[in-house]
Each structure stands twice: as structure tokens, then as C-alpha cells.
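Peer 1: Take a look at this one; I'll ask things after.
The values are calculated or read from the model by the stated rules, or taken from the named source; none is laboratory data. Quick caveat, the model's predicted, so the values are computed rather than measured. Cβ coordinates were reconstructed from backbone atoms using ideal geometry, including for glycine residues, and neighbour counts include every protein chain displayed. Surface accessibility is based on the protein's heavy atoms, side chains included, excluding ligands, DNA and RNA. Shrake-Rupley method; radii C 1.70, N 1.55, O 1.52, S 1.80 Å.
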Amino acid sequence: MHVPDGFLDAPTSVATGVLAAGTVALALRKAREELDERTAPLAGLTAAFVFAVQMMNFPVGAGTSGHLIGGALTAVLVGPWTAVLCMTVVLLVQAVLFADGGLTALGTNVTLMALVAVGVGYGLFRLLVAVLPRTRTGFLIGAGVGAFASVPLAALAFVALFAAGGVADISLGAVAATMGGIHVLIGLGEAAITVVVLGAVLAARPDLVHGAAHLRSADALLRRPEVVAPR
């Protein structure tokens, strides 16, 4: 999903750069409503975790790579606007220090992974938790499905950008088949990691999970087994 320099033409790169810059500017304001002294450290830890998992790349072809994204996980943990900022910081550090994704393609990568992946993953999560049972299981199912869907849909968004401004000598059908197939498999891994991480955080500190705000009063989520002292 990391797009290199020169893979898309200048107008497409500029358009995604403008879209990314505008969304990040809005996120800088909106994130203040999601963060407080308790959740701010979690945002930093989540960004570090996403940075680590994104460094495990799977070559897709023609200079592009696929990997776990972490957008849905970050959004559910710390909120969608904060997730946009976390993902943007991760992508910026990767581009500047590790040449993972080009600087001229930074707007494209932010659009795909900080906008599309976060928006699709969190949006689908919110839709599902509204109709699923208000339990820990329903919460995790919604997060897992959102995480899974966010990866291939972000890949398909890349295919759409390639159709609009791709400069590599590759057929659109080959790009769509390769990106779609590989990222469906990656999406399964993304869903599994998202469910495991959220399950662990819910067990320890459910009050820190942004997406669980509507469940914090539900006994099914917050109930912990009572410890009975031996007689």
C-alpha cells in the first residue's frame, strides 16, 4: 500500500495531497474532542504499534508493497480524528527516515491509509455495533469486520487512483487483481490482530477504548470475575 514516487502522475499526486492536507488540518481540531490526559498516552502507544506492524511489508509488484494498516484498530482505540493524525505521523516518519513510500506520494499514502482505511474501518464498525448485541462479542465482531474491510477497500481506492493517473506500464486489470487478492488475505490478518489487541485492552482498561463508550455501562463489557478469598 506504500506508493513510491513517480507511480502516479503529478495532477493525481497533487489532488491527493490537497485532500490529505485538508483532512489532517480538520483532524487537528477535531482530535481535541477525543483526547484527554488519560487517552493521549494511548494514542502515542498505538501509533508506535502501527509503525512497527507496517514495517513488515509484502511486495506486491512494480515498486508497491502491501502490509497491515492498523487504521480501524487505531480509530476504535483513540477515535477516528486522532487515528488520522496517528497514521499521518507514522507515514511521514516512514517516508522521511526509511524511504518507505515517496515524499511526493505522501499525500496519496495518507489518503489511502489515514483517510480511506480509517474512514471505512471505523464507519463500518459504528454501523455494525449499532445493530449487533451490545456486548463485548458484538463489539469485537464489529471491529474485526471493519478492520478486514478497510484493507481491500483501501487497495481498491489505490486502483482507482492508478486508473486516473497511473504512469507505470501495467494493465489496470493486473493491478486490480493483484492488489485486491493480496489485500483480502492481509485483511484477514488485520482483523485477527485488531480483535486480539482490542480484546486485551478491553480486559484491562475498557474505559480507555474510544469505540466502547456506548458499552461502558453494559454489564456484559465491564463485568469482571469476582475474586473470593479462601477461607
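Peer 1: Tell me the accessible surface of residue 33 in square angstrom (1.4 angstrom probe, heavy atoms of protein chains only), to the nearest ten.
Peer 2: In the full protein context, residue 33 sits at about 150 Å².
Peer 1: While we're looking at this one, here's another question. Quick one: compute the contact order of the chain, relative version, from alpha carbon pairs under 8 angstrom and 6+ residues apart, as a percent.
Peer 2: Contact order relative to length: 26 percent.
Peer 1: Could you compute how much accessible surface residue 141 exposes when probed at 1.4 Å, giving the result in Å² to the nearest 10?
Peer 2: 80
Peer 1: Would you list 104, 111 from the most to the least accessible area, probe 1.4 Å?
Peer 2: 104, 111
Peer 1: Right, another one. Measure nothing but the geometry: give the 0 to 90° angle between the long axis through the Cα atoms of 10-30 and the longest principal axis through the Cα atoms of the chain, rounded to 10°.
Peer 2: Roughly 20 degrees, rounded to the nearest 10.
Peer 1: OK, next. Determine one quarter of the surface area of the Cα convex hull of the chain, which equals its mean projected area, and express it in nm² to one decimal.
Peer 2: Details: hull surface 55.5 nm².
Computed as one quarter of the Cα hull surface, the answer is 13.9 nm².
Peer 1: Same structure, new question: What does a probe at residue 10 reach in region 83-110, counting residues whose amide N is under 12 Å from the point 7 Å along Cα→Cβ?
Peer 2: Under cut-off, by backbone N: nothing.
Peer 1: Using +1 at the Cβ of each Lys and Arg and -1 at the Cβ of each Asp and Glu in the chain, identify which of 17, 214, 96 lies farthest towards the dipole's positive end.
Peer 2: Checked the options; the winner is 214.
Peer 1: Can you sort 171, 150 by solvent-accessible area, 1.4 Å probe, largest first?
Peer 2: Numbers: 171 70, 150 0 Å².
So, going from the largest accessible area down, we get 171, 150.
Peer 1: Something else about it: Could you order 214, 67 by accessible surface area, starting with the largest, using a probe radius of 1.4 Å?
Peer 2: Details: 214 45, 67 0 Å².
From most accessible down to least: 214, 67.
Peer 1: In addition: Might you work out the accessible area of residue 38 for me, using a 1.4 Å probe with all protein chains in place, and round it to the nearest 10 Å²?
Peer 2: Here the residue's solvent-accessible area equals roughly 100 Å².
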